[in-house]
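Working notes for the structure below.
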Amino acid sequence: MTDDAVAPALLSCPTCRRPVATRGPARPASFPFCSERCRWRDLGGWFAERYGVPVAEQAAPGPGEPAQ
């Protein structure tokens, strides 16, 4: 059995929450987004700093301690 013979699994577009096929011919080229528009909206969110990756703060080394 090939992937094309299996019904496509669906998940939600991260931008608009519309269903998006994960495999087969119904899978969009913009996967995991449902469209190029949603892909560009997401990228714009990163540029506008609406999203971020959490970073653990590191304490500054004290006197006599080597820097890491």
What Cys residues in the chain have no fellow cysteine's beta-carbon under 4.7 angstrom?
-> Cys16, Cys38
GNM on the chain, C-alpha springs below 10 Å: top fluctuator among Glu36, Glu57, Glu49?
-> Glu57
Residues whose built amide H sits under 5 Å from the amide H of Arg23, excluding neighbours closer than 5 in sequence, are Ala9
Given [x] 11.0, 30; [y] 20.5, 66; [z] 12.5, 40, which label gives Rg and Dmax of the Cα atoms in Å as computed from the coordinates?
-> [y]
From the backbone phi of the range 20-27, what are the Karplus-calculated ³J(HN,Hα) couplings (6.51 cos²θ - 1.76 cosθ + 1.60, θ = phi - 60°) in whole Hz, Gly and Pro given as x?
-> 10, 5, 9, 7, x, x, 7, 5
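Each reported figure results from applying straightforward, stated rules to the coordinates on display, with no laboratory input. As the structure is a prediction and not an experimental result, all values here were calculated from the model. Here the Cβ is made from the backbone with ideal geometry for all residues, glycine too, and neighbour counts use every protein chain on show.
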